[in-house]
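The values are calculated or read from the model by the stated rules, or taken from the named source; none is laboratory data. Not measured: the values here are computed from a predicted model. Because the Cβ atoms are built from the backbone with ideal geometry, glycine has one as well, and the counts that use them run over all protein chains shown.
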Amino acid sequence: MPGYKLYYFNVRGRAELARLILHCAGVPFEDFRFEGKDWPAIKPNMPFGQVPVLEVDGDKMLAQSYTIARYLARQHGLAGQNDWEQSQADMYADCIYDLHGIMRTPTWETDPVKQKELFDKVNEETIQPHLEKIEQHLTKNGSGYLVGQGLTWADIAYYAFFTTPIMTRLGSEVLTKAPHLKKLIELVGNYPNIKKYVETRPVTSA
Amino acid sequence: MPVYKLHYFKNPRRGRAELSRLILSQAGIEFEDIRFAHCEWPAIKPITPFGQVPILEVDGQVLAQSNTIARYLAKRHGLAGKDDWEQALADMYAENIHDLLNAVAVPFTEKNPVKQKEMYQKFMRDVIAPHVAAVEKQLKKNNTGFLVGNELTWADLAYYAYFSDFLEVKFGSAFLKNAPHLKALIDRVKDLPNVKKWTEFRDSTYPEENE
């Protein structure tokens with residue numbers, strides 16, 4: 001088993017997908033969380049001045065959140081059974097990358113009234129149309145999972161996005177018209193390793 | 001050989017489909033390069049997986065998301081990296097470029113020319129300059145002339161597409177003056193016979209309206 005050290009701030013943010021993948025696969029790793037004040041000292045050692053970064057066996061570093069997640073998924077049986085399935089999983093993960101991008105503005109809005117307005121706008125304009133497509137894909141695939149017959153990091157990415165703090169707080173109606181996805185997210189959340197991690201992880205604002 | 005059909009807008013003529021076109025061209029693979037007018041989009045949009053393009057049709061099955069398509073093609077045609085770790089490094093560089101494409105969209109879409117000029121200056125100083133310095137460091141460390149391992153990967157094509165075919169064309173080479181390794185890499189990719197053949201064909205066949 002390689003030695004993994006995952007560097008990130010003490011929030012869920014862009015490292016949470018990698019953490020969930022590692023926990024789901026039962027792979028031990030050092031979940032190195034640091035505070036904002038420590039960042040200036042760490043930043044110069046990161047390949048592109050950003051985190052998350054995955055350090056492997058003490059000397060190789062990998063940057064970029066989705067690259068890290070994909071690498072770990074592939075190493076630990078959560079990527080898909082063949083090239084085509086792996087690409088399907090990549091595709092769904094890229095959709096979540098886009099949704100996280102659009103959710104940034106509401107997430108960082110400090111006025112709660114304005115935040116709810118922005119959240120509702122993003123939901124109506126982007127998330128709901130996307131969910132319509134996802135429901136079609138899930139129905140067509142027929143296994144309950146997004147890709148092939150079993151769990152992949154694509155399912156975990158959807159789980160992570162639809163259980164972020166802002167989604168949990170403001171999004172109780174978001175999955176009303178997406179029963180298949182709702183069921184999938186509950187399924188992922190009930191995987192014993194994920195359930196255990198989520199119950200014991202640090203409680204953070206993002 | 002599978003039948004590839006790549007669907008994207010006519011304009012921009014490069015946009016988010018260009019990396020895949022470069023990968024296919026460099027690998028010498030034939031593909032149908034479908035470019036549709038914006039007025040056709042309302043009819044096409046509902047039949048795409050997520051209401052977006054580019055999409056890649058492979059023998060009747062459809063893949064969406066520009067980097068997913070690029071990665072799939074790179075893997076199938078020897079441009080992804082030699083092992084899992086190299087593939088991950090190539091992914092990392094491609095994800096860097098994906099972030100940079102999203103970041104430049106902000107000044108790119110600014111309508112006020114005075115504000116736009118300011119935004120571009122800030123972008124080059126605050127986003128591009130530090131990134132160029134970081135990549136230069138990695139290139140020196142890898143010491144092969146390529147971003148990943150000792151061979152061309154789609155990561156090099158992605159950096160060429162962004163830094164040479166886009167930023168250098170737009171702003172000139174001054175921003176690369178302290179990055180001789182990056183400059184050498186993008187010049188080298190630019191002159192690869194298959195890349196050159198593609199860009200010459202593209203520029204003489206498709207009118208440029210906006211990038």
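Looking at the range B:1-88, what helices (runs of 4 or more DSSP H) fall wholly within it and have at least 3 residues that are within 14 Å of chain A (Cβ to nearest Cβ)?
Working: elements: B:18-26, B:41-44, B:66-76.
In the range B:1-88, the matching helices (runs of 4 or more DSSP H) lie at B:18-26, B:66-76.
Within the range A:36-49, is there a residue that is crowded, with 18+ Cβ neighbours inside 10 Å and β-branched (Val, Ile, Thr)?
Going residue by residue through the range A:36-49, those that are crowded, with 18+ Cβ neighbours inside 10 Å are A:47-48.
Within this subset, residues satisfying the condition of being β-branched (Val, Ile, Thr) are none.
There is no residue in the range A:36-49 that is crowded, with 18+ Cβ neighbours inside 10 Å and β-branched (Val, Ile, Thr).
If I ask for residues that are in a helix (DSSP H, G or I) and more than 21 Å from residue A:135 (Cβ to Cβ), which ones from the range A:171-206 would you list? Give the steps one after another, and end with the answer.
Residues of the range A:171-206 in a helix (DSSP H, G or I): A:179-189, A:192-200.
Answer for the range A:171-206, where residues must be in a helix (DSSP H, G or I) and more than 21 Å from residue A:135 (Cβ to Cβ): A:192, A:193, A:194, A:195, A:196, A:197, A:198, A:199, A:200.
What pairs come up if the first residue lies in the range B:134-145 and is more than 8 Å from chain A (Cβ to nearest Cβ), the second is of a type in the set (Gly, Ala, Ser), and their beta carbons are under 7 Å apart, counting only those six or more places apart or on different chains?
B:136/B:179; B:145/B:184
Restricting the search to the range A:152-206, which residues are farther than 22 Å from residue A:97 by Cβ, hydroxyl-bearing (Ser, Thr, Tyr) and loosely packed, with under 14 Cβ neighbours inside 10 Å?
A:172, A:176, A:200 - these are the residues of the range A:152-206 that are farther than 22 Å from residue A:97 by Cβ, hydroxyl-bearing (Ser, Thr, Tyr) and loosely packed, with under 14 Cβ neighbours inside 10 Å.
Would you be able to say whether some residue in the range A:14-21 is assigned by TED's automatic domain parsing to the domain that holds residue A:117, among the charged types (D, E, K, R), closer than 28 Å to residue A:174 by Cα and modelled with pLDDT of 95 or more?
Of all residues in the range A:14-21, those assigned by TED's automatic domain parsing to the domain that holds residue A:117 come to none.
Within the range A:14-21, not a single residue is assigned by TED's automatic domain parsing to the domain that holds residue A:117, among the charged types (D, E, K, R), closer than 28 Å to residue A:174 by Cα and modelled with pLDDT of 95 or more.
Residues that are touching a helix residue (DSSP H, G or I) at 6+ places or on another chain (Cβ under 6 Å), at pLDDT 95 or above, closer than 30 Å to residue A:25 by Cβ and surrounded by 16 or more Cβ atoms within 10 Å (Cβ to Cβ): does the range A:112-134 have at least one?
yes
Residues in the range A:30-40: is at least one more than 9 Å from every other protein chain (Cβ to nearest Cβ) and touching a helix residue (DSSP H, G or I) at 6+ places or on another chain (Cβ under 7 Å)?
Of the range A:30-40, the ones more than 9 Å from every other protein chain (Cβ to nearest Cβ) are A:30-40.
Subset that is touching a helix residue (DSSP H, G or I) at 6+ places or on another chain (Cβ under 7 Å): A:31, A:34.
Checked against the condition, which is being more than 9 Å from every other protein chain (Cβ to nearest Cβ) and touching a helix residue (DSSP H, G or I) at 6+ places or on another chain (Cβ under 7 Å), the range A:30-40 yields at least one hit.
Only one of (1) assigned to a loop (DSSP other than H, G, I, E, B); (2) within 12 Å of chain B (Cβ to nearest Cβ); (3) of a type in the set (Ser, Thr, Tyr) is not met by residue A:67, so which one is it?
Result: residue A:67 fails condition (1) only.
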